[in-house]
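One structure is given below, encoded as structure tokens.
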Amino acid sequence: MTTLRRHATPGLRSGSRPVDVVGLVLRLGLAGVLGYAGWTKIVDLTGSVQNVLAYELFGYEVARAVGVLLPVLELALAALLLLGLLTRGAAAATAVLMVVFVAGIASAWARGLSIDCGCFGTGGRVAPEETRYLAEMLRDVGFLAMAAWLVHRPRTPLSLDHHLLRRT
């Protein structure tokens, strides 16, 4: 007599546990946010570099490298999360990125800079009453929590990880 082994989350099916569906929603949500953020920067690399310069943390050459490489990293992480490929690693890298973003925004706030974070392509200097540091930091902490969930529970429905790392 043969026994059929059932995999935990081979795809989105009626037997998927709610916690698995939550993971799928978080994974796709982060992919969307990172994809949008990366796209808005990569189509305007000059603006992306200017956004990094506005933080006054780096000289021009380093800011240029960060401004060019950041959208590439965001798009790569978005693709991995969208596909559910190397989910734990992509989520961990996203979590680190969110910590860096929160620290950068907090640094700008503490130093009295009046800038928009530039998280979604627009950024740079703004009038002091137009800053939204707390809201931007709380938003990124929310994204950090989403990434932390996926680090802890990387197996989600509709992921390539499941198909490539199938265990018997």
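Annotations for the structure displayed:
- Leading residue at positive end of dipole, the chain (Cβ point charges), from 85, 97, 42: 85
- Rounded to the nearest 500, the helix-only mean residue ellipticity at 222 nm of the chain stands at -22000 deg cm²/dmol, with each DSSP H run of n ≥ 4 adding -39,500 (n - 2.57).
- Counting protein heavy atoms only, the chain has 69 percent of its accessible area on carbon and sulfur, 1.4 angstrom probe.
- Ratio Rg/Rh [Cα only; Rh per Kirkwood] for the chain: 1.09
- Between 58, 147, 135, the Cα set farthest toward the positive side of the dipole of the chain (charges on each charged residue's Cβ, about the Cα centre) is that of 147.
- Magnitude of the charge dipole for the chain, about its Cα centre and with charges confined to Cβ atoms of Lys, Arg (+1) and Asp, Glu (-1), is about 1100 debye.
- In the context of the full set of protein chains, residues of the chain present 55 Å² of accessible surface per residue (probe radius 1.4 Å, heavy atoms only).
- Between 0 and 90°, nearest 10: helix 60-83 axis offset from the chain longest Cα axis: 20
- Residues whose amide H comes within less than 5 Å of that of residue 115, counting only those at least five positions distant or on another chain, are 126 (H built at 1.01 Å from N in the peptide plane).
- Local net charge near residue 40, Cβ-Cβ under 14 Å (Lys/Arg +1, Asp/Glu -1): -2
The values are calculated or read from the model by the stated rules, or taken from the named source; none is laboratory data. Since the structure is predicted, the reported quantities are computational estimates derived from the model, not experimental observations. With ideal geometry, Cβ positions are generated from the backbone for all residues, glycine too; neighbour counts draw on all protein chains shown. Quick note on the areas: whole protein, heavy atoms, side chains included, nothing else; ligands and nucleic acids left out. Shrake-Rupley method; radii C 1.70, N 1.55, O 1.52, S 1.80 Å.
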